[in-house]
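For reference, the structure discussed in these notes is given below.
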(Lines give C-alpha, C1' and ligand atoms only; values in the text may rest on other atoms or scores of the structure.)
Protein backbone atom coordinates (compact mmCIF):
# COMPACT_ATOMS: atom_id res chain seq x y z
CA UNK A 1 0.00 0.00 0.00
CA UNK A 2 1.42 3.40 -0.93
CA UNK A 3 2.20 5.98 1.77
CA UNK A 4 -0.39 8.38 0.24
CA UNK A 5 -3.22 5.80 0.34
CA UNK A 6 -2.24 4.80 3.88
CA UNK A 7 -2.41 8.46 5.00
CA UNK A 8 -5.82 8.92 3.39
CA UNK A 9 -7.15 5.80 5.12
CA UNK A 10 -5.90 7.05 8.50
CA UNK A 11 -7.71 10.35 7.98
CA UNK A 12 -10.92 8.58 6.95
CA UNK A 13 -10.77 6.27 9.98
CA UNK A 14 -10.12 9.24 12.31
CA UNK A 15 -13.01 11.23 10.86
CA UNK A 16 -15.35 8.29 11.14
CA UNK A 17 -14.44 7.76 14.78
CA UNK A 18 -14.92 11.45 15.51
CA UNK A 19 -18.37 11.46 13.92
CA UNK A 20 -19.42 8.36 15.84
CA UNK A 21 -18.34 10.06 19.07
CA UNK A 22 -20.48 13.09 18.33
CA UNK A 23 -18.47 15.38 16.09
CA UNK A 24 -15.00 16.84 15.72
CA UNK A 25 -13.30 17.75 18.97
CA UNK A 26 -13.78 21.28 20.25
CA UNK A 27 -12.22 22.91 23.28
CA UNK A 28 -14.22 22.70 26.48
CA UNK A 29 -14.37 25.88 28.56
CA UNK A 30 -15.98 26.66 31.87
CA UNK A 31 -17.37 30.11 31.10
CA UNK A 32 -17.51 32.58 34.01
CA UNK A 33 -18.51 36.03 32.76
CA UNK A 34 -19.39 39.10 34.83
CA UNK A 35 -21.63 41.86 33.52
CA UNK A 36 -18.66 44.25 33.86
CA UNK A 37 -14.93 43.81 34.40
CA UNK A 38 -14.48 47.37 35.70
CA UNK A 39 -17.06 48.94 38.03
CA UNK A 40 -16.61 52.68 38.43
CA UNK A 41 -18.18 55.32 40.70
CA UNK A 42 -20.98 56.02 38.19
CA UNK A 43 -21.96 52.33 38.01
CA UNK A 44 -24.24 50.39 40.37
CA UNK A 45 -21.95 48.72 42.98
CA UNK A 46 -22.80 45.18 41.93
CA UNK A 47 -22.15 42.64 39.22
CA UNK A 48 -24.11 39.78 37.64
CA UNK A 49 -22.23 36.58 36.81
CA UNK A 50 -23.05 33.84 34.30
CA UNK A 51 -21.60 30.34 34.59
CA UNK A 52 -21.82 27.52 32.04
CA UNK A 53 -19.78 24.74 30.42
CA UNK A 54 -19.65 25.04 26.65
CA UNK A 55 -17.67 25.81 23.48
CA UNK A 56 -17.23 29.62 23.45
CA UNK A 57 -16.50 30.20 19.76
CA UNK A 58 -19.23 27.87 18.56
CA UNK A 59 -21.69 29.15 21.18
CA UNK A 60 -22.66 25.62 22.13
CA UNK A 61 -23.75 23.09 22.71
CA UNK A 62 -23.85 23.54 26.45
CA UNK A 63 -22.71 20.50 28.40
CA UNK A 64 -24.13 19.11 31.61
CA UNK A 65 -22.62 20.92 34.57
CA UNK A 66 -23.14 19.73 38.11
CA UNK A 67 -23.41 22.28 40.88
CA UNK A 68 -19.82 23.47 41.47
CA UNK A 69 -17.80 22.16 44.36
CA UNK A 70 -16.86 25.73 45.21
CA UNK A 71 -17.88 29.19 44.09
CA UNK A 72 -16.17 32.03 45.90
CA UNK A 73 -14.65 35.48 45.59
CA UNK A 74 -11.07 36.14 46.67
CA UNK A 75 -10.22 39.62 48.02
CA UNK A 76 -6.86 40.54 49.51
CA UNK A 77 -6.20 36.97 50.58
CA UNK A 78 -9.66 36.42 52.04
CA UNK A 79 -11.87 33.70 50.56
CA UNK A 80 -15.60 34.51 50.69
CA UNK A 81 -17.95 31.61 49.95
CA UNK A 82 -20.64 32.48 47.40
CA UNK A 83 -22.16 29.01 46.93
CA UNK A 84 -25.51 30.11 48.35
CA UNK A 85 -25.72 32.89 45.73
CA UNK A 86 -25.72 30.44 42.79
CA UNK A 87 -29.04 30.06 40.98
CA UNK A 88 -29.48 27.07 38.70
CA UNK A 89 -30.93 27.51 35.21
CA UNK A 90 -32.21 24.61 33.12
CA UNK A 91 -32.11 24.22 29.34
CA UNK A 92 -33.61 20.79 28.79
CA UNK A 93 -31.49 18.49 30.94
CA UNK A 94 -28.49 20.82 30.98
CA UNK A 95 -27.78 23.19 33.86
CA UNK A 96 -26.08 26.56 33.90
CA UNK A 97 -25.87 29.01 36.80
CA UNK A 98 -26.15 32.68 37.61
CA UNK A 99 -25.30 34.85 40.61
CA UNK A 100 -25.17 38.46 41.72
CA UNK A 101 -22.61 40.09 43.99
CA UNK A 102 -22.66 43.49 45.68
CA UNK A 103 -19.34 45.18 46.40
CA UNK A 104 -18.56 46.60 49.82
CA UNK A 105 -15.09 48.10 49.39
CA UNK A 106 -12.71 49.05 46.56
CA UNK A 107 -10.36 46.40 45.24
CA UNK A 108 -9.69 43.57 42.81
CA UNK A 109 -12.33 40.86 43.24
CA UNK A 110 -11.31 37.44 41.89
CA UNK A 111 -14.37 35.25 41.28
CA UNK A 112 -13.52 31.54 41.22
CA UNK A 113 -15.31 28.32 40.27
CA UNK A 114 -14.05 24.88 41.25
CA UNK A 115 -16.25 22.43 39.29
CA UNK A 116 -17.14 18.80 39.79
CA UNK A 117 -15.27 16.46 37.39
CA UNK A 118 -16.94 16.14 33.98
CA UNK A 119 -16.77 12.85 32.10
CA UNK A 120 -16.00 13.40 28.41
CA UNK A 121 -16.95 10.17 26.60
CA UNK A 122 -15.41 11.24 23.27
CA UNK A 123 -11.98 11.64 24.87
CA UNK A 124 -12.45 8.95 27.55
CA UNK A 125 -11.22 11.19 30.34
CA UNK A 126 -12.36 13.41 33.19
CA UNK A 127 -12.14 17.19 32.86
CA UNK A 128 -11.68 19.54 35.84
CA UNK A 129 -11.21 23.19 34.89
CA UNK A 130 -10.60 25.68 37.72
CA UNK A 131 -11.83 29.03 36.41
CA UNK A 132 -11.49 32.65 37.51
CA UNK A 133 -12.26 36.19 36.38
CA UNK A 134 -11.19 39.50 37.94
CA UNK A 135 -13.49 42.50 38.46
CA UNK A 136 -12.08 45.81 39.66
CA UNK A 137 -14.20 48.02 41.89
CA UNK A 138 -13.47 51.75 42.17
CA UNK A 139 -9.92 51.62 40.82
CA UNK A 140 -8.12 50.14 43.84
CA UNK A 141 -5.93 47.50 42.23
CA UNK A 142 -3.11 45.18 43.18
CA UNK A 143 -4.84 41.88 43.89
CA UNK A 144 -5.06 40.80 40.26
CA UNK A 145 -1.43 39.64 40.00
CA UNK A 146 -1.52 37.28 42.99
CA UNK A 147 -2.30 33.56 42.65
CA UNK A 148 -5.40 32.33 44.45
CA UNK A 149 -3.86 28.92 45.16
CA UNK A 150 -5.80 26.69 42.77
CA UNK A 151 -4.36 23.29 41.74
CA UNK A 152 -3.85 24.68 38.21
CA UNK A 153 -3.93 28.42 37.68
CA UNK A 154 -2.89 31.21 35.34
CA UNK A 155 -1.10 33.96 37.24
CA UNK A 156 -1.55 37.13 35.15
CA UNK A 157 1.49 39.15 34.13
CA UNK A 158 -0.77 41.59 32.28
CA UNK A 159 -3.58 43.25 34.19
CA UNK A 160 -6.63 41.10 33.29
CA UNK A 161 -8.99 44.06 32.85
CA UNK A 162 -8.74 47.46 31.19
CA UNK A 163 -7.30 45.89 28.02
CA UNK A 164 -7.51 47.53 24.61
CA UNK A 165 -7.97 45.32 21.56
CA UNK A 166 -4.48 44.48 20.31
CA UNK A 167 -2.92 44.43 23.78
CA UNK A 168 -0.82 41.41 24.68
CA UNK A 169 -2.06 39.26 27.54
CA UNK A 170 0.70 37.43 29.42
CA UNK A 171 0.56 34.91 32.23
CA UNK A 172 2.41 32.15 34.06
CA UNK A 173 0.96 28.63 34.13
CA UNK A 174 1.13 27.22 37.67
CA UNK A 175 0.52 23.66 38.85
CA UNK A 176 0.51 23.28 42.63
CA UNK A 177 2.09 26.71 42.81
CA UNK A 178 5.03 25.92 40.50
CA UNK A 179 5.55 27.10 36.90
CA UNK A 180 4.83 24.52 34.18
CA UNK A 181 7.43 24.61 31.39
CA UNK A 182 5.99 24.45 27.86
CA UNK A 183 2.40 24.13 29.07
CA UNK A 184 -0.33 24.08 26.43
CA UNK A 185 -2.72 27.05 26.56
CA UNK A 186 -5.94 27.05 24.53
CA UNK A 187 -7.60 30.37 23.68
CA UNK A 188 -11.17 30.99 22.54
CA UNK A 189 -13.33 34.01 21.86
CA UNK A 190 -16.78 34.33 23.44
CA UNK A 191 -18.58 34.62 20.11
CA UNK A 192 -21.97 35.76 21.37
CA UNK A 193 -23.75 38.03 18.89
CA UNK A 194 -20.54 38.94 17.05
CA UNK A 195 -21.14 37.03 13.83
CA UNK A 196 -17.56 35.79 13.65
CA UNK A 197 -17.44 32.74 11.35
CA UNK A 198 -14.04 30.98 11.48
CA UNK A 199 -13.09 29.82 7.96
CA UNK A 200 -11.56 26.61 9.32
CA UNK A 201 -11.36 24.58 12.54
CA UNK A 202 -7.82 25.74 13.31
CA UNK A 203 -9.19 29.24 13.94
CA UNK A 204 -11.84 28.08 16.43
CA UNK A 205 -9.37 27.32 19.20
CA UNK A 206 -6.05 29.16 19.19
CA UNK A 207 -3.12 27.33 20.80
CA UNK A 208 0.02 28.81 22.35
CA UNK A 209 2.79 27.15 24.34
CA UNK A 210 4.38 28.53 27.46
CA UNK A 211 8.16 28.92 27.48
CA UNK A 212 10.61 27.12 29.77
CA UNK A 213 9.54 29.40 32.65
CA UNK A 214 5.82 28.68 32.17
CA UNK A 215 5.17 32.11 30.65
CA UNK A 216 2.88 32.57 27.63
CA UNK A 217 1.59 35.58 25.70
CA UNK A 218 -1.23 36.25 23.24
CA UNK A 219 -2.16 39.39 21.30
CA UNK A 220 -5.93 39.87 21.60
CA UNK A 221 -7.26 40.60 18.06
CA UNK A 222 -10.86 41.60 18.78
CA UNK A 223 -12.94 43.31 21.45
CA UNK A 224 -14.96 41.11 23.79
CA UNK A 225 -14.33 38.29 26.24
CA UNK A 226 -11.46 35.84 25.75
CA UNK A 227 -10.87 32.61 27.65
CA UNK A 228 -7.39 31.21 28.33
CA UNK A 229 -7.18 27.56 29.40
CA UNK A 230 -3.86 26.14 30.62
CA UNK A 231 -4.01 22.34 30.49
CA UNK A 232 -1.99 19.73 32.38
CA UNK A 233 -2.36 16.01 33.04
CA UNK A 234 -3.76 15.15 36.44
CA UNK A 235 -1.37 13.20 38.70
CA UNK A 236 -4.02 10.63 39.60
CA UNK A 237 -6.60 8.66 37.62
CA UNK A 238 -10.29 8.48 38.56
CA UNK A 239 -12.78 5.64 37.96
CA UNK A 240 -14.81 6.19 34.80
CA UNK A 241 -18.59 5.49 34.72
CA UNK A 242 -17.77 1.80 34.15
CA UNK A 243 -15.47 1.72 37.16
CA UNK A 244 -12.21 1.54 35.20
CA UNK A 245 -9.31 3.97 35.82
CA UNK A 246 -9.37 6.99 33.49
CA UNK A 247 -7.09 9.95 32.85
CA UNK A 248 -7.87 13.39 34.25
CA UNK A 249 -7.33 16.70 32.45
CA UNK A 250 -6.74 19.60 34.82
CA UNK A 251 -7.21 23.13 33.55
CA UNK A 252 -6.56 26.58 34.91
CA UNK A 253 -8.77 29.14 33.14
CA UNK A 254 -8.98 32.90 33.21
CA UNK A 255 -11.35 35.21 31.33
CA UNK A 256 -10.32 38.68 30.19
CA UNK A 257 -12.15 41.37 28.25
CA UNK A 258 -10.71 43.61 25.54
CA UNK A 259 -12.28 46.90 24.41
CA UNK A 260 -12.07 48.35 20.90
CA UNK A 261 -10.40 51.77 20.77
CA UNK A 262 -12.65 54.33 19.06
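The values are calculated or read from the model by the stated rules, or taken from the named source; none is laboratory data. Computed from a predicted model, the values in this text were never measured in an experiment. Methodologically, a virtual Cβ is constructed for each residue, glycine included, from the backbone with ideal geometry; neighbour enumeration extends over all protein chains shown.
Inspect the stretch 78-91 for any residue being part of a loop (DSSP other than H, G, I, E, B), surrounded by fewer than 20 Cβ atoms within 10 Å (Cβ to Cβ) and modelled with pLDDT of 95 or more and give the result as yes or no. Yes, the conditions are met somewhere in the stretch 78-91.
Residues in the stretch 159-175 that are surrounded by fewer than 19 Cβ atoms within 10 Å (Cβ to Cβ), assigned to a strand (DSSP E or B) and more than 16 Å from the chain's Cα centre (by Cα): 164, 168.
When the residues of the stretch 102-119 are filtered to those that are assigned to a strand (DSSP E or B) and under 16 Å from the mean Cα position of the chain (by Cα), the one that is farthest from residue 213 (Cα to Cα) is 118.
Please work out if residue 182 is farther than 23 Å from residue 120 by Cβ, in contact with a strand residue (DSSP E or B) (Cβ under 6 Å, 6 or more places away or on another chain) and not in a strand (DSSP E or B). Yes: the conditions hold for residue 182.
Taking (1) over 20 Å from the mean Cα position of the chain (by Cα); (2) modelled with pLDDT under 95; (3) surrounded by 14 or more Cβ atoms within 10 Å (Cβ to Cβ) in turn, residue 14 satisfies each apart from (3).
Rundown of residues vs (1) surrounded by fewer than 19 Cβ atoms within 10 Å (Cβ to Cβ); (2) over 23 Å from residue 50 (Cα atoms), yes/no style:
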site	(1), (2)
177	yes, yes
180	no, yes
187	no, no
196	yes, no
199	yes, yes
219	yes, yes
237	yes, yes
243	yes, yes
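Restricting attention to the stretch 122-142, the residues being part of a loop (DSSP other than H, G, I, E, B) and either free of Cβ contacts under 8 Å to residues at least 40 places away in the same chain or within 27 Å of residue 67 (Cβ to Cβ) (or both) number 6.
Exactly one residue out of 241, 199 is in a loop (DSSP other than H, G, I, E, B) and without any contact (Cβ under 8 Å) to a residue 12 or more places away in the chain, and it is 199. Checking 247, 211 one by one, the residue that is in a loop (DSSP other than H, G, I, E, B) and over 21 Å from residue 57 (Cβ atoms) is 211 and no other. Against the condition surrounded by fewer than 16 Cβ atoms within 10 Å (Cβ to Cβ), touching a strand residue (DSSP E or B) at 6+ places or on another chain (Cβ under 9 Å) and in a loop (DSSP other than H, G, I, E, B), how does residue 146 come out, does it pass? Yes: the conditions hold for residue 146. Close Cβ contacts (under 6 Å, 6 or more residues apart or on different chains) running from residues in the stretch 181-192 that are more than 17 Å from residue 131 (Cβ to Cβ) to residues that are in a strand (DSSP E or B) comprise 182/209. Scanning the stretch 17-53 for residues that are assigned to a loop (DSSP other than H, G, I, E, B), surrounded by fewer than 13 Cβ atoms within 10 Å (Cβ to Cβ) and modelled with pLDDT under 50 gives 22, 23, 24. Restricting the first member to the stretch 88-105 and to residues that are more than 12 Å from residue 51 (Cβ to Cβ), and the second to residues that are exposed (fewer than 14 other Cβ atoms within 10 Å of the Cβ) and at pLDDT below 95, the beta-carbon pairs closer than 6 Å and six or more apart or on different chains are 94/64.
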